[in-house]
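Enquirer: What follows is a single structure, and I will ask about it in a moment.
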Amino acid sequence: MFAIGFSCAPAQAEKRVALVIGNSAYKSAPKLGNPVNDATLVGSMFKLAGFDSVDVRLDLNASDMRRALREFAGRTRDADVAVVYYAGHGIELDGNNYLIPTDAALESDGDVLDETIPVERVQFSVEPAKQLRLIILDACRDNPFARTMKRTLASRAMGRGLAKVEPTSPNTMIAFAAKAGSTASDGDTRNSPFATAIAEHLPKPGLDLRKAFGFVRDDVLKRTGYKQEPFVYGSLGGDDVPLVAARPAVTGPQANPQDAIRRDYELALQLATRDGWEAFIAQYPDGFYANLAKGQLNKIAAEETRASAEQKAKAAEQEKARLVAERAQKAEQEKAAAAAKAAGEARIAAEKQKQIEQARADAAEQQRKIAEAAAAKALAEKQAAEKAKAELAAKQAAEKAEQAATPAADRQRPEVESQKVAALAPAPASTLSAADLAKSVQAELRRVGCLSAAADGDWSAASQRSLTLFNKYAGTQFDAKLASLDALDALKAKPGRVCPLVCNFGFKADGDQCVKITCRAGYRVGDDNECEKIPEKKPVATREDLRKRDSERQQKEAAPTSPQARSSGQIYCGAAGCRPVRPGCRVVAASAGSGTGAAGAGVVGQGNVIEVCN
C-alpha cells in the first residue's frame, strides 16, 4: 500500500492547465459553424477531467490571441501538463503554419506574417510545462483566403491544409485534425467529427495519449467515410502518458445506487396500499421500480373495481328480492331483474380484470427478482475483477519499488522470475483496425447464420441488420451501428447457428443449407413452397378452328329453310277469327274444285280450304 501511494503521489500532485480558442465569426471570410461549438465542447471536457485551469476564448482578433497566449505562458511555468486547443482557419506558407484571427484580411501573401499567429508562438507558450506539452489544431479546413490572396512571388508555396511539423522540445505532441496537406470536414452536426472524438477518448482515465489519438483517428475515419485521417507529430517516452491519471482501484464493497430505491419499493410492497404506491411513484417517477409500482397500483385499482361491482350486484339482488316480496308490478320486477343481471356481469368482468392485473403484478415481481439477482452477480464479478486487477497492480508496483531500491549488481533475476512477471502482466489490448474489426465481426455473423454477404470489412446497412438479427435471437443489446470487440467476443462464444435459416422460394432448409425442392412428375412448387398437382389445361381454340367454325355458321345461315320451317305467308280465317298460318303448316283446298288458297298469298276464307300441319 505504501508503494502504491508513493507511485501515485506525483500524479495526484500534477498541475494541468489548458487554453481553448475557437474562431468562427471571421470578418473577411464566411462564418464557420462549428469552431465555437467545438471549443465549448473541448473546454467542458477539460473542466470535467479536473484541470486546474481552463481558459476558453471565442472569436479572438490578432491582439487578443497574442495576449491570451502570453497570459497562458505565464500559467505554464509551474504546470506539469499544458494543452492548447485551437479551432478555426489556418494557413500554410512556405512550409510554415499560421493560425488566422477573426480580423485578418490577408489580401496578399505578405499579410500572413503581420495578421496571423505562427504555430511556433503556440509552441513557445506550452514549452515551460514539465511533463507534457500538447497542441491540438482543428485548423485544417479549406482556407477561403488562399483563393483571393495576391502572390508577391509566383514561386511561393501555399498548400492545402497545414504543413508537417516536427517539435524540437521533448515530450511535445502536435495533433492535426487531418494529415499534412489535406483538409478536414466540419461535418453535418453541431460539432466536427474530430472534436467529438477528442472529447470522447482523451479524458479516459489512465489511457495513454498515443492510444487515445489512435482511437480518435479510427472514429474520424469511420465518420467521414475514410476521407479524413487525423495525424499526430512528435514523440513521447516509453511510459504511458495519460491526459487524466488512472483512478485508484476500489477493492472494498461498493454500494449499489439502486439499493435505496429497492428498499423503498419493498417497504411499499409490504404496505400494499394505494397511498404507499402513490408516494413511491412521486419520489421515483421513472425507472424500473417505478414501472413495477404502477403495475401494483393497477392491481389495487382492479381490486377496488371488483369490490364496487360486487356491492352493486348484491344491492341489485336485494332490490329484486324486495320487489318480489312486496308483490310489486311486473314492470318494476323486470327492471330490477335486468339491473341485477347487469350488475352481476359487471362483477364477473371486474373479477376477471383483477385476475389479469394480479398475474401481471406477479410476473413483474418475478422479473424484478431475476433482474436484481443478475445485477448482484454482475456487481460481484466486477468487484472481483477490480480486486484482482488492484492486487496485480500492487504487486507490480512493489516489484518496481524493490528494483529501484536494489543496487544495479543485485538486479539480475533468474529467467523464471521474469517469465512469472510476464505471465502476471495484463494481456495487451487488441490492435485491430476498424476495417479488420468489422471484417472479423462479419465473419462470425456468417458463421452463426446471421449474415449471408461476404466479410469485406465494410460495415454497411446489411451488416447492421445482421447484428440486429443476432441481438434478437441471442438476447444481446449491442449497438448495430458499429462493430465492437464486445460483439466479437459474444459471437465467438456461440458454438453454432443462432439466427434461423431462411431459404428463398423453391428451396427448403436441410440442416445448415438450403436445398432445391424437387417435385415428382405432374407436380410443381406452389405458393406455400410445397409440391402441388399441376391443373389440367383447357384446350384453346386456334385461329384455324375459329375460321372453320365461322365458315360453317355462315353456310348454315345461307342455306334455305325447309318448307315445314317456313311460314306460307297466308292468313287463315275460321270461326275463332283470322290468324297467320302457323309455321310448318300449309293450306290445301277442301274440295277438288276450289282452287283458292293453296297457292295464293292472300286471306284464305272458311269452308273452301283447310290447314294441314306436317
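Enquirer: Which of the numbered conditions does ALA401 fail, given that it passes all the others? Conditions: (1) open to solvent by less than 60 Å² (accessible area, probe 1.4 Å); (2) at pLDDT 75 or above; (3) among the aliphatic types (A, V, I, L, M).
Expert: With respect to (1) open to solvent by less than 60 Å² (accessible area, probe 1.4 Å); (2) at pLDDT 75 or above; (3) among the aliphatic types (A, V, I, L, M), ALA401 is out only on (2).
Enquirer: Could you check the range 50-72 and list, in sequence order, the residues that are surrounded by 19 or more Cβ atoms within 10 Å (Cβ to Cβ) and small (Gly, Ala, Ser)?
Expert: Across the range 50-72, the qualifying residue is only ALA68.
Enquirer: Tell me which residues, restricted to the range 191-217, are open to solvent by 40 Å² or more (accessible area, probe 1.4 Å) and in contact with a helix residue (DSSP H, G or I) (Cβ under 9 Å, 6 or more places away or on another chain).
Expert: Those that are open to solvent by 40 Å² or more (accessible area, probe 1.4 Å) and in contact with a helix residue (DSSP H, G or I) (Cβ under 9 Å, 6 or more places away or on another chain): THR196, GLU200, LYS204, LYS211, PHE215, ARG217.
Enquirer: Considering only residues that are farther than 30 Å from GLN355 by Cα, hydrophobic (A, V, I, L, M, F, W, C) and either touching a residue at least 24 places away in the same chain (Cβ under 8 Å) or open to solvent by 60 Å² or more (accessible area, probe 1.4 Å) (or both), which ones fall in the range 322-343? Talk me through it step by step, then tell me what you get.
Expert: Of the range 322-343, the ones farther than 30 Å from GLN355 by Cα are 322-335.
Filter once more, keeping what is hydrophobic (A, V, I, L, M, F, W, C): 323-325, 328, 331.
Once the filter is applied, which keeps residues that are farther than 30 Å from GLN355 by Cα, hydrophobic (A, V, I, L, M, F, W, C) and either touching a residue at least 24 places away in the same chain (Cβ under 8 Å) or open to solvent by 60 Å² or more (accessible area, probe 1.4 Å) (or both), the range 322-343 yields VAL324, ALA325, ALA331.
Enquirer: Find all pairs meeting these conditions: Cβ atoms under 7 angstrom apart; at least six residues apart or on different chains; first residue within the range 87-116 and under 24 Å from ILE198 (Cα atoms) and free of Cβ contacts under 8 Å to residues at least 24 places away in the same chain; second residue part of a strand (DSSP E or B) and open to solvent by less than 20 Å² (accessible area, probe 1.4 Å).
Expert: Hits for this filter: TYR98/GLY90; TYR98/ILE91; TYR98/ILE117.
Enquirer: Additional query: Can you go through GLY88, GLY33, GLY5, GLY74 and tell me which one is on the phi > 0 side of the Ramachandran plot, out of contact with any Lys or Arg (no Cβ under 7 Å at 6 or more places or on another chain) and at pLDDT below 95?
Expert: GLY88
Enquirer: Looking at the range 33-49, which of its residues are assigned to a helix (DSSP H, G or I), of a type outside the set (Gly, Ala, Ser) and open to solvent by less than 40 Å² (accessible area, probe 1.4 Å)?
Expert: PRO35, VAL36, ASN37, ASP38, VAL42, MET45, PHE46
Enquirer: Restricting the range 256-306 to residues that are among the hydroxyl-bearing types (Ser, Thr, Tyr) and in contact with a helix residue (DSSP H, G or I) (Cβ under 7 Å, 6 or more places away or on another chain), which is nearest to ALA371 (Cα to Cα)?
Expert: Per the stated criteria, the residue is TYR289.
Enquirer: Sticking with this one: Residues of the range 219-245 being open to solvent by less than 40 Å² (accessible area, probe 1.4 Å) and either among the acidic types (Asp, Glu) or in a helix (DSSP H, G or I) (or both), which ones?
Expert: Scanning the range 219-245 gives ASP219, VAL220, LEU221.
Enquirer: Within the range 149-164, does at least one residue satisfy the condition of being exposed (fewer than 13 other Cβ atoms within 10 Å of the Cβ), in contact (Cβ under 8 Å) with a residue 60 or more places away in the chain, small (Gly, Ala, Ser) and over 14 Å from HIS89 (Cα atoms)?
Expert: Within the range 149-164 (the criterion being exposed (fewer than 13 other Cβ atoms within 10 Å of the Cβ), in contact (Cβ under 8 Å) with a residue 60 or more places away in the chain, small (Gly, Ala, Ser) and over 14 Å from HIS89 (Cα atoms)), the answer is yes, since at least one residue qualifies.
Enquirer: Separate question: Which condition breaks for ASP186 when tested against (1) modelled with pLDDT of 85 or more; (2) under 22 Å from ASN37 (Cα atoms)?
Expert: Every condition holds for ASP186 apart from (1).
Enquirer: Let me ask you something else. Just a yes or no: is a residue in the range 137-145 of a type in the set (D, E, K, R), under 19 Å from VAL83 (Cβ atoms), open to solvent by 20 Å² or more (accessible area, probe 1.4 Å) and at pLDDT 90 or above? Break it down stepwise before answering.
Expert: The first filter runs over the range 137-145 and keeps only residues of a type in the set (D, E, K, R), leaving 138, 141-142.
Those left that are additionally under 19 Å from VAL83 (Cβ atoms): 138.
Keeping just the survivors that are open to solvent by 20 Å² or more (accessible area, probe 1.4 Å) gives none.
No, that holds for no residue.
Enquirer: Of the residues in the range 87-122, how many are touching an Asp or Glu at 6+ places or on another chain (Cβ under 7 Å) and either crowded, with 24+ Cβ neighbours inside 10 Å or of a type in the set (Asp, Glu) (or both)?
Expert: 3
The values are calculated or read from the model by the stated rules, or taken from the named source; none is laboratory data. Please read all numbers here as calculations on a predicted model, not as lab measurements. In this analysis, Cβ positions are derived from the backbone assuming ideal geometry, glycine residues included, and neighbour counts consider all displayed protein chains. These area figures cover heavy atoms from the full protein model, side chains too; ligands, DNA and RNA do not enter into them. Shrake-Rupley method; radii C 1.70, N 1.55, O 1.52, S 1.80 Å.
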